[in-house]
Amino acid sequence: MSTYTATIAWQRAGQAFSDRRYSRAHQWQFDGLSVPGSSSPQVVPLPMSDAAAVDPEEAFVASLSSCHLLWFLDLACRAGWVVDDYSDAATGVLAKDAQGRLAMTVVTLRPAVRFAGARQPDAAEIHRLHHAAHDACFIANSVSTDVRCEPIIDPA
């Protein structure tokens, strides 16, 4: 068993509070790194949100994408493939779930991977690696969100 921590800090800084127009900007701290956080401007309008900060919905999508990336790299390496680069234009949909509550209902990963060398994996192997990465991802295994993977496979 492993335990992970994050420190989240917010201060009212003299703002009014009871009118619900206070800033939602705050700080996330991980292992000495400080990241600006905020509510999503799609959920809490500007100026109470900070559009330049990471919101929980973006972090959720990034967490799923990052976990998938790390497993994919490991599995590709174990299978003898050399990955030169990997990018993912992941998206998440905030919508009402079956109980009528707002939830991240679908996250779609769209990883594009470039491999090194003359010997390249075929589409079936790339799909196999992505499927195995999805099955192994701790974060995907922890959520009820429909997590989809739609690899971008270069036909070259």
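The values are calculated or read from the model by the stated rules, or taken from the named source; none is laboratory data. Fair warning: this is a prediction, and the values are worked out from it, not measured in the lab. We place every Cβ from the backbone using ideal geometry, glycine too, and count neighbours over all the protein chains shown.
Does Val147 qualify as being closer than 29 Å to Gln27 by Cβ, in contact with a helix residue (DSSP H, G or I) (Cβ under 6 Å, 6 or more places away or on another chain) and β-branched (Val, Ile, Thr)? It is true that Val147 is closer than 29 Å to Gln27 by Cβ, in contact with a helix residue (DSSP H, G or I) (Cβ under 6 Å, 6 or more places away or on another chain) and β-branched (Val, Ile, Thr). Of the listed requirements (1) at pLDDT below 95; (2) within 16 Å of the chain's Cα centre (by Cα); (3) hydroxyl-bearing (Ser, Thr, Tyr), Ser2 misses just one: (2).
In the range 127-141, the residues that are free of Cβ contacts under 8 Å to residues at least 60 places away in the same chain reach residues that are in a helix (DSSP H, G or I) and of a type in the set (A, V, I, L, M) with C-beta atoms within less than 6 angstrom, at least six apart or across chains, in these pairs: Leu129/Leu75; Leu129/Ala76. All of Ser34, Ser65, Ser2, Ser87 fail the test of being in a loop (DSSP other than H, G, I, E, B) and of a type in the set (S, T, N, Q), apart from Ser2.
Scanning the range 41-62 for residues that are in a loop (DSSP other than H, G, I, E, B) and of a type in the set (Asp, Glu), which turns out nearest to Leu109 (Cα to Cα)?
Here is the first cut: in the range 41-62, the residues in a loop (DSSP other than H, G, I, E, B) are 41-53, 55.
The next check asks that each one be of a type in the set (Asp, Glu); those that pass are 50, 55.
Values: Asp50: 25, Asp55: 18 Å.
Out of the qualifying residues, it is Asp55.
The condition (being touching a strand residue (DSSP E or B) at 6+ places or on another chain (Cβ under 9 Å) and more than 27 Å from Asp55 (Cβ to Cβ)) is satisfied by just one residue among Leu129, Leu94, Leu102: Leu129. Only a single criterion out of (1) closer than 14 Å to Ser144 by Cα; (2) surrounded by 10 or more Cβ atoms within 10 Å (Cβ to Cβ) is not satisfied by Thr91, namely (1).
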